[in-house]
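These notes concern the structure reproduced below.
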Amino acid sequence: MKHRVGFNPLGRKTSHRKALHRNMVTSLFKYERITTTKAKARAIRRTAEKMITRAKVDSVHNRRTIAESIWDKAILAKLFTDIGPRFESRPGGYTRMLKIGTRQNDAAEMVILELVGNEPDAPTEKKKKSKSAKSDSPKSKVEKPKAEKPKAEKPAVEEKPLDETASETSSVDESSIAAEEKGLEVPAVPPVAEDAVLSEPESEEAEDSAEKSDS
C-alpha cells in the first residue's frame, strides 16, 4: 500500500534518482525546454519550481542550497541572474507540460516540459488578397506585334536622260542670242528648271519662232 510516500521513486534507487533529478533540472534551466515522459516531468517539475522560488532571493544561503543539486556554475549563475528575476512577480506555476503523444517503442506518454514565457514566436500570417483587389490589379498582357500592311507603290515617272534636256535648252539659248544681235524682240521665255522636261510640241513652236525671226 502507498502510505506516507510523497514522491515517485520512478523505479530507481536513491542515488540513481537523485542523479536523474540533478541532470534533468540542469538541462531544463539550460535549454528552458526538454522532452521526457509524463512521470519524469511531474517529478522534476516539483524540484525545478522549488529551486526557482529560492532563486528569487539572491543570497549566499540560497546559492549554497541549490548548488548541492546543480553542479554547473554557469547554470547556477543563470538561475539567480536571469530565471529568478524573470518570475519575481509570479507566485508559482513557473513551468508548463505539453502532451505530444505516446512513444513508439513502449507507448509511454511523452510531454514537453518548458518554462513559462518561452513560447516560440507565432508565424506571421500572410494576408489573403480579396477578389476585388485581384480584379482591380492590372494583369500583364503580352501584346502581339501588329502585322504591317504593304503600302501601294506609286507608278514610277519616266525621266529623260540629262543629255537630251541639255541639248534642247542649248538650242533655245542660241536662237535667242541670234535674235538679240539682229535687234529683234525676243519673247520672254520662262526659266526652265533643271529637272523639268520640255514636251515635243513646245520645242517645235520654239523652233518655228526662231526661223521667222531669222527671215
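No value in this document is a laboratory result; all are computed from the given coordinates. Only a predicted model underlies this, so the values are computations on that prediction, with no experimental measurement involved. For neighbour counting, all protein chains shown are included, and Cβ atoms are generated from backbone atoms with ideal geometry for every residue, glycine included.
A few notes on this one:
- When 60, 111 are sorted by how many other C-beta atoms sit within 10 angstrom of their C-beta, beginning with the fewest, the order is 60, 111.
- In order along segment 58-64, the phi-based Karplus estimate (6.51 cos²θ - 1.76 cosθ + 1.60, θ = phi - 60°) of 3J(HN,Hα) comes to 7, 9, 5, 4, 5, 5, 5 Hz; Gly and Pro are listed as x.
- Taking 68, 109, 114 and counting other C-beta atoms within 10 Å, the order from fewest to most: 68, 109, 114
- With each label modelled as a point 7 angstrom along the Cα→C-beta vector, the residue 64-residue 18 pair spans 1.8 nm.
- Panel order for 61, 16, 3, by other beta carbons found within 10 Å of each beta carbon, from fewest to most: 3, 61, 16.
- Annotation note: trypsin sites (Lys or Arg not before Pro) in segment 1-98 located in DSSP loop regions with a Cβ neighbour count of at most 10 within 10 Å are 2, 4, 13.
- For segment 38-87, chymotrypsin sites (Phe, Trp or Tyr not before Pro) meeting the loop criterion (DSSP other than H, G, I, E, B) and having at most 11 other Cβ atoms within 10 Å: 71.
- Zone residues, segment 11-50, relative to residue 97, backbone N less than 14 Å from point 7 Å out along Cα-to-Cβ: 34-49
- Evaluating 6.51 cos²θ - 1.76 cosθ + 1.60 at θ = phi - 60° for every residue in segment 4-9, the Karplus couplings come out as 6, 10, x, 8, 9, x Hz, glycine and proline recorded as x.
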